[in-house]
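The values are calculated or read from the model by the stated rules, or taken from the named source; none is laboratory data. All figures in this text were calculated on a predicted structure; none of them were measured in a lab. All Cβ positions, glycine included, derive from the backbone under ideal geometry; neighbour counts span all protein chains shown.
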Amino acid sequence: MKRLFFTAALPALIALLVLACSSPTDALPSRKENTPLLSPIHVEKSKDIGVLPPNAPHTFTVEIQNSSTTDSVTITDIRLKDGAQGFQLIPPALPVRLGQQGQTDRITVTVMFNSTASGTYHDKIIINGDTSLFCELTAAIIDNAITVDDIDFGTILYGNKRDIKANITNNGDEPVTVLSATMQGVVNENSIENFLHLSLLMLPIQINPGESRQFWVVFNGAYPGENNATIEFQMEYAGSGTVDNISVLTGTVER
């Protein structure tokens, strides 16, 4: 009787031993070759282009890259989630295959932003294909109440100088701080050498509502011809961020 019981139970015991010795992964379906567990595609999770004045178009780019050396990924669609928040998308030619034996390992998406109304703007780039990703977009518009005078020095003779004072005026209802002033040549490499920015501003300086501050520029007649330059003033609005204002300088030197 005992021998009969052992003989009947033997197949069940063998089955239990096989199950106990088996690897847990043996029961899982195998992953397809060259199919990554995690997407090799990388894109910035967010892009903040900062603070801009109204009606000042700004263009920037977002890069999508495949970092894998073995897997390729096809991108079939790139679009904006809302498309009505001041952002405009210029996608590359699609579909595109990124990675091994693909056309390229990265693509660049061009985005333009512009708005006339103050506020903070949000949108999202949606990327679809073999994988789905997104990039959050943020921009802010400040109602820029600062005006900066442009300066036209007219025509002077070679070797002469002319100096002019100009104003930065705060027409708004909150204080603004001028953080910096940077001069750049425009027409040629000598243009900036023809202008000497002798600022009367001890930067940084705060300009209260309704007030003006003067800055002084000297035009040196050292290089004949038309000369142009700009002074870029960086302004800070309390609690709202910074925005740039530009003064355009023009002048002609005759021999």
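Some points to look at:
- Pick from the range 83-105, criterion within 24 Å of SER72 (Cβ to Cβ) and among the small types (Gly, Ala, Ser), ranking: modelled with the lowest pLDDT: GLY102
- Among the conditions (1) touching a residue at least 24 places away in the same chain (Cβ under 8 Å); (2) more than 14 Å from GLY154 (Cβ to Cβ), the only one that ASN227 does not satisfy is (2).
- Residues within the range 93-112 that are in contact (Cβ under 8 Å) with a residue 12 or more places away in the chain and in a loop (DSSP other than H, G, I, E, B), tallied: 6
- Selection within the range 135-144 - in a strand (DSSP E or B) and surrounded by 15 or more Cβ atoms within 10 Å (Cβ to Cβ): CYS135, LEU137, THR138, ALA139, ALA140, ILE141
- Pair list, Cβ < 7 Å and 6+ apart or interchain, from the range 65-80 residues that are without any contact (Cβ under 8 Å) to a residue 40 or more places away in the chain to residues that are of a type in the set (A, V, I, L, M) and surrounded by 14 or more Cβ atoms within 10 Å (Cβ to Cβ): SER72/LEU98
- Residue check for GLY154: of a type outside the set (Val, Ile, Thr) and not assigned by TED's automatic domain parsing to the domain that holds ILE205: no
- Residue that is surrounded by the most Cβ atoms within 10 Å (Cβ to Cβ), among those in the range 42-57 that are at pLDDT 85 or above and in a loop (DSSP other than H, G, I, E, B): GLU44
- Of all residues making up the range 38-70, the number that are in contact with a Cys (Cβ under 6 Å, 6 or more places away or on another chain) and more than 23 Å from SER115 (Cα to Cα): 2
- Against the list (1) outside any strand (DSSP E or B); (2) within 18 Å of LYS45 (Cβ to Cβ), the condition SER115 fails is (2).
Residue-by-condition table, conditions (1) buried (at least 17 other Cβ atoms within 10 Å of the Cβ); (2) in the same structural domain as VAL217 (by TED's automatic domain parsing); (3) touching a Leu at 6+ places or on another chain (Cβ under 8 Å):
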| site | (1), (2), (3) |
| --- | --- |
| GLU63 | no, no, no |
| SER67 | no, no, no |
| THR70 | no, no, no |
| ARG79 | no, no, yes |
| ASP82 | no, no, no |
| LEU94 | no, no, no |
| ILE127 | yes, no, yes |
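- Looking only at the range 74-92, and only at residues there that are closer than 17 Å to SER132 by Cβ and assigned to a strand (DSSP E or B), the one that is nearest to the chain's Cα centre (by Cα): LEU89
- Within the range 138-149, residues that are farther than 18 Å from ASN114 by Cα sit with their Cβ atoms under 7 Å from residues that are in a loop (DSSP other than H, G, I, E, B) and not charged (D, E, K, R), at 6+ positions apart or across chains, in these pairs: THR147/ASN171.
- Of everything in the range 145-166 that is β-branched (Val, Ile, Thr) and farther than 30 Å from PRO54 by Cβ, the residue that is surrounded by the fewest Cβ atoms within 10 Å (Cβ to Cβ) is THR155.
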